[in-house]
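Engineer: The structure that follows is given in the form of structure tokens.
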Amino acid sequence: MRDEPDTDLALMKFGIGQPVPRSEDPKLLRGEGRYTDDVNLAGQAYAVMVRSRHAHATIRGIDAGDARAMPGVLGVYTLADLEAAGFGPLKCPVAFPNRDGTPMKTPVRPALARDKVRFVGEAVAFVVAETAAQAKDAAEAVMLDLEELPAVTDPVAALASGAPQLHADAPGNLVLDYHYGDAEAVAAAFARAAHVTRLDIVSNRVVVNAMEPRSAIGSFDPATGRWTLHVGCQGVFGMRGTLAKDVLGVPPDKVHVLTGNVGGSFGMKAPVYPEYPCVLFAARALGRPVKWTDERSESFVSDHHGRDHQRVAELALDKDGHFLAVRLTGYGNAGAFIYPPLPATINAVKNVVDVYKTPVIEVNSKIVFTNTTPIAAYRGAGRPEGNYYMERLIDTAAREMGIDRVELRRRNHIAPQAMPYKAPSGMLYDSGEFTSVLNTALAAADWNGFDRRRQDSRGRGKLRGRGIGSYLEVTAPPSKEMGGIRFEADGAVTMISGTLDYGQGHASPFAQVLVEKLGIPFDRLRLLQGDSDQLKAGGGTGGSRSMLVAGQAFVEASAQVVERGKQIAAHLLEAAVADIEFSRGHFTIAGTDRGIGIMALADKLRSGITLPPDVPASLDVAHVSDNPPSSFPNGCHVAEVEVDPETGAIDVVRYVMVNDFGTVINPLLVEGQAHGGVVQGIGQALMERTVFDGQGQPLAGSYMDYAMPRAADAPDFKVQNHPVPCKSNTLGVKGCGEAGCAGALPSIMNAVIDALAERGITHIDMPATPEKVWRALQASGA
């Protein structure tokens with residue numbers, strides 16, 4: 001007899017492929033989430049950073065006398081204090097070789113400025129006081145004696161002779177002269193091409209603007225010599241390792257990182273920031289916890305920014321429109337300090353190929369220091385840009401050659417029968433039906449009915465355009481990931497993963513995998529990610545990898561749970577292990593109705609039954625998986641826009657996306673991820689622009705003067721899935737977190753150019769703001 005609820009019914013509601021709501025949402029909607037700023041420790045003090053108001057200046061002195069004398073002030077600290085206590089600087093964890101084989105320049109970043117400041121907002125000192133208000137008042141009383149220096153904000157200008165120099169060990173401000181590809185083969189392809197399309201194209205800088213500002217609380221236990229940091233991040237295991245190795249110089253087990261709910265990150269909260277060593281230092285110096293929380297305007301200069309690339313993109317084609325080669329040449333703005341320059345280098349290489357047969361590619365990128373906020377990963381980190389460059393090239397080439405843009409894409413698609421396909425990026429595509437995805441998207445978008453809608457728009461004085469944005473993304477490379485399964489005393493089952501949910505909704509889809517594989521009731525499953533003490537490994541969340549790696553780890557861990565359960569069940573049922581079968585949550589003796597459910601088995605183990613020494617004492621597993629290789633999510637977005645020629649204002653009026661995310665674990669959450677990515681793409685394409693004046697001052701520092709997409713800017717989305725299971729991981733998943741951006745940028749900008757083409761405009765850079773569009777229309781003379 002089966003002793004547990006109907007597993008078939010549970011699978012119908014909570015198994016793989018079901019649209020299960022996010023299990024954390026009721027708590028969050030009731031205001032019961034626990035973000036870092038919600039954490040308050042007994043006796044905590046408050047820190048406020050003292051930041052530079054200049055983009056480039058020599059530090060002649062720091063006068064903190066008045067600040068130290070103010071009510072409630074416990075201390076004012078500078079870099080000298082941190083270094084005297086043995087704190088190390090922040091380091092770039094990735095280094096690429098220059099084209100000549102020499103290493104890239106990686107000047108370290110001290111937590112507080114030494115000798116000079118290099119961007120507006122760089123921290124120079126910090127104040128700790130009894131209250132946040134007292135700390136803020138005192139921070140404003142710290143007098144910085146700064147001798148302003150000339151600043152440079154554009155990477156091309158920063159490379160020019162005589163430009164202001166940011167770092168002594170990076171002459172000419174050049175971080176990296178990156179090259180990928182066979183230059184001679186690419187040059188030969190361009191030489192024999194019947195047609196070459198060339199675009200000067202920009203991926204504009206954006207402020208990340210996560211909903212939750214960054215926050216951190218540091219504490220220190222002198223009895224154990226152990227540090228604890230409460231912080232919102234993208235992975236506590238990696239955060240612990242970096243703090244221990246680079247900043248504190250202690251073994252990893254001397255650092256404990258705790259993360260609760262995280263209100264968005266998009267790559268920005270992944271690294272160690274200067275504020276984290278500061279609160280840890282002060283906690284030990286003062287013998288009490290110290291808390292710091294960013295303010296929104298402060299976050300505009302203290303958080304890393306995203307994108308900021310200038311490119312010359314070129315596509316070589318034969319007389320029939322077959323692609324011969326693609327070449328990217330240009331610059332990536334590093335800002336004042338270097339973080340892994342993936343977006344303008346290897347991620348551009350991997351993603352510019354898109355879904356097309358392209359025999360050879362070449363990527364040349366100069367990464368350059370400037371007096372601006374540092375640049376780091378932002379949703380996609382080079383993946384959306386690579387696809388954007390290719391899709392804009394294709395539309396432009398189609399117009400120049402007189403070939404239908406749809407036909408040009410179909411003509412160059414990688415065919416399903418070509419899989420596995422070795423791309424010139426070095427990636428091995430395992431699956432994909434790119435022409436079918438395109439055709440499905442065109443049908444869903446009523447491509448053939450566009451002329452009628454265009455005429456309707458003209459009747460209302462509007463220009464209307466349509467755009468295609470096909471994409472293929474290469475997800476993050478493999479790394480070790482934990483898949484822990486722990487049966488708790490209260491009857492719950494804890495899933496332990498080194499990924500970290502900062503808005504994706506991991507708990508439900510991870511639980512769906514265990515419902516499918518182990519038959520554990522959905523409502524018994526809990527997710528633990530944000531406690532570094534509980535992890536044996538963890539690569540964090542980023543690069544659209546979480547379900548790929550955590551799913552694989554949980555599948556492998558489930559198999560281990562089953563093997564342990566078979567041994568225990570065999571003892572309890574007085575049968576041979578070889579005779580025990582497991583299916584849908586139940587262990588049974590083959591050929592009989594004698595058995596026991598997995599949850600009942602866990603209950604018996606908790607009751608303290610006696611087992612032989614060769615039988616596992618529990619079902620618990622703490623598994624570490626060597627994860628599968630990158631996957632290749634792909635799809636096609638079709639956007640339609642209306643442009644008001646009198647004002648330049650653009651409305652996205654129709655939007656269809658067809659995505660191949662492989663096996664879809666939870667279609668509801670996948671659609672939500674796609675919606676969010678598209679809206680961020682709309683923001684970058686049409687409105688977000690981060691501008692610095694000639695002295696490096698940012699001209700937008702709040703939502704009053706920085707345009708962010710609102711609900712009214714988002715169209716109704718039509719989403720379809722075209723799943724082609726990935727062949728390189730057990731679940732067949734491909735990842736979806738960044739794909740919305742990858743399809744949005746090209747589809748929207750191609751639609752904008754399509755609308756403006758009848759006025760003679762063939763290219764406009766992002767963001768296509770009303771002013772920019774209006775000026776282009778006026779200049780066209782049409």
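The values are calculated or read from the model by the stated rules, or taken from the named source; none is laboratory data. Source: prediction; values computed, not measured. With ideal geometry, Cβ positions are generated from the backbone for all residues, glycine too; neighbour counts draw on all protein chains shown. Accessible surface is based on the protein model in full, side chains and every heavy atom, while ligands, DNA and RNA are left aside. Shrake-Rupley method; radii C 1.70, N 1.55, O 1.52, S 1.80 Å.
Engineer: Take A193 and decide whether it is open to solvent by 30 Å² or more (accessible area, probe 1.4 Å), touching a residue at least 12 places away in the same chain (Cβ under 8 Å), over 25 Å from I338 (Cα atoms) and not hydroxyl-bearing (S, T, Y).
Structural biologist: Answer is no for this residue.
Engineer: Checking M211 against (1) surrounded by fewer than 17 Cβ atoms within 10 Å (Cβ to Cβ); (2) aliphatic (A, V, I, L, M); (3) within 30 Å of Y331 (Cβ to Cβ); (4) under 23 Å from the mean Cα position of the chain (by Cα), only one condition comes out false. Which one?
Structural biologist: The failed condition is (3).
Engineer: Let me ask something additional. Taking the condition of being farther than 30 Å from E148 by Cβ and crowded, with 17+ Cβ neighbours inside 10 Å, how many residues in the stretch 682-716 meet it?
Structural biologist: 8
Engineer: Taking the stretch 1-18 as the search range and keeping residues that are of a type in the set (A, V, I, L, M, F, W, C) and surrounded by 12 or more Cβ atoms within 10 Å (Cβ to Cβ), which one is modelled with the highest pLDDT?
Structural biologist: Going through the qualifying residues, I end up with I16.
Engineer: While we're looking at this one, here's another question. Pairs needed: first member in the stretch 19-45, open to solvent by 50 Å² or more (accessible area, probe 1.4 Å); second member anywhere, among the polar types (S, T, N, Q); C-beta distance under 6 Å; at least 6 residues apart or different chains.
Structural biologist: Partner pairs satisfying both residue conditions: R22/S508; S23/S508; R34/N261; Y35/N261; D37/S215; D37/T293.
Engineer: Surrounded by fewer than 21 Cβ atoms within 10 Å (Cβ to Cβ) and farther than 28 Å from I217 by Cβ: which single residue out of V108, V94 fits that description?
Structural biologist: Matching residue, one of V108, V94: V94.
Engineer: State yes or no: is V679 in a strand (DSSP E or B), open to solvent by 30 Å² or more (accessible area, probe 1.4 Å), aliphatic (A, V, I, L, M) and at pLDDT 95 or above?
Structural biologist: Judged against the criteria, V679 is not a match.
Engineer: Then there is this: Which residue, of A151, A168, A163, is in contact with a helix residue (DSSP H, G or I) (Cβ under 8 Å, 6 or more places away or on another chain), aliphatic (A, V, I, L, M), part of a loop (DSSP other than H, G, I, E, B) and open to solvent by 10 Å² or more (accessible area, probe 1.4 Å)?
Structural biologist: A163
Engineer: Another question, then. So which residues in the stretch 468-495 are assigned to a strand (DSSP E or B) and open to solvent by less than 10 Å² (accessible area, probe 1.4 Å), if there are any at all?
Structural biologist: I468, G469, S470, Y471, L472, E481, M482, G483, G484, I485, V493, M495
Engineer: Got a number for residues in the stretch 438-467 being open to solvent by 10 Å² or more (accessible area, probe 1.4 Å), in contact with a Cys (Cβ under 9 Å, 6 or more places away or on another chain) and among the aliphatic types (A, V, I, L, M)?
Structural biologist: 1
Engineer: Which of the residues spanning the stretch 434-465 are in a helix (DSSP H, G or I), more than 20 Å from I761 (Cβ to Cβ) and hydrophobic (A, V, I, L, M, F, W, C)?
Structural biologist: Listed by number, the residues that qualify are F434, V437, L438, A441, L442, A443, A444, W447.
Engineer: When both residues are 6+ apart or on different chains and their Cβ atoms are under 8 Å apart, which pairs have a first residue that lies in the stretch 115-134 and is open to solvent by 10 Å² or more (accessible area, probe 1.4 Å), and a second that is assigned to a loop (DSSP other than H, G, I, E, B) and aromatic (F, W, Y)?
Structural biologist: Close Cβ pairs (under 8 Å, with a partner that is assigned to a loop (DSSP other than H, G, I, E, B) and aromatic (F, W, Y)) amount to R118/F337.
Engineer: Sticking with this structure for a sec: Considering only the stretch 618-666, how many residues are among the small types (G, A, S), out of contact with any Lys or Arg (no Cβ under 6 Å at 6 or more places or on another chain) and either open to solvent by less than 10 Å² (accessible area, probe 1.4 Å) or modelled with pLDDT under 95 (or both)?
Structural biologist: The number of residues fulfilling the criteria is 5.
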